[in-house]
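Let me begin by presenting the structure, written as structure tokens, before commenting on it.
The values are calculated or read from the model by the stated rules, or taken from the named source; none is laboratory data. Quick caveat, the model's predicted, so the values are computed rather than measured. A quick note on method: Cβ atoms are made from the backbone with ideal geometry, for glycine too, and the neighbour counts reach across all protein chains shown.
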Amino acid sequence: MPGFQFRLQSLQKLREHARDERRAALAQTYEAERLLKDEKKRLAVELESLKKYIRADVSPGVVRVDRLLDVQRYEMVVIAQTETITRQQEQIQEEISRRRQALVESDKEVRVLEKLRTRQQAEFRRGEVRQVNRDLDEVAARRHLAKGVEK
């Protein structure tokens, strides 16, 4: 008797591959989120450093206006970069949500096929056991008949 063959094996492989791709895509968005957080922290440190520099440069004595204006312009650039990163983080959060939902759906599709395979495999095994029992019953019946004929 041939072994169990799941007819939807190729479909299951395709769905598993799609699930793995979605898992990798989600991991990429998490990595992008982490990079944005790191960059935002770096900008926050730089902004704090600029504020300290401005406070120190404005202390009593000679004020270098050109230098102060340059630092304030750069501070505005850093603030704008921080705001841009904040908007990017919001977009990344939306993308993470979409990709997570796609992964959940893909995982469901794979689980459905796995359950179907398990059920079909169990049914196949039960059929094998029934066939073996029928064969054994037939052998026992023939032996019984053979003994009855010999007497």
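General remarks:
- In the range 34-58, the residues that are loosely packed, with under 12 Cβ neighbours inside 10 Å reach residues that are in a helix (DSSP H, G or I) and of a type outside the set (D, E, K, R) with C-beta atoms within less than 8 angstrom, at least six apart or across chains, in these pairs: VAL58/LEU68.
- Residue count, the range 80-115 (criterion: under 30 Å from TYR53 (Cα atoms), out of contact with any Leu (no Cβ under 7 Å at 6 or more places or on another chain) and not acidic (Asp, Glu)): 4
- SER106 vs. criteria assigned to a helix (DSSP H, G or I) and either among the aromatic types (Phe, Trp, Tyr) or surrounded by fewer than 14 Cβ atoms within 10 Å (Cβ to Cβ) (or both): no
- Exclusive hit being without any contact (Cβ under 8 Å) to a residue 40 or more places away in the chain and out of contact with any Asp or Glu (no Cβ under 7 Å at 6 or more places or on another chain), set GLU105, GLU95, GLU128: GLU105
- Sole exception among (1) within 24 Å of the chain's Cα centre (by Cα); (2) farther than 30 Å from GLU109 by Cα for THR82, by number: (1)
- Residue that is part of a helix (DSSP H, G or I) and touching a residue at least 40 places away in the same chain (Cβ under 8 Å), where the choices are LEU136, LEU113: LEU113
- Taken over the range 3-43, residues that are at pLDDT below 95 and over 30 Å from GLU109 (Cα atoms) amount to 0.
- Meets criteria (charged (D, E, K, R) and under 20 Å from ASP20 (Cα atoms)) for ARG98: yes
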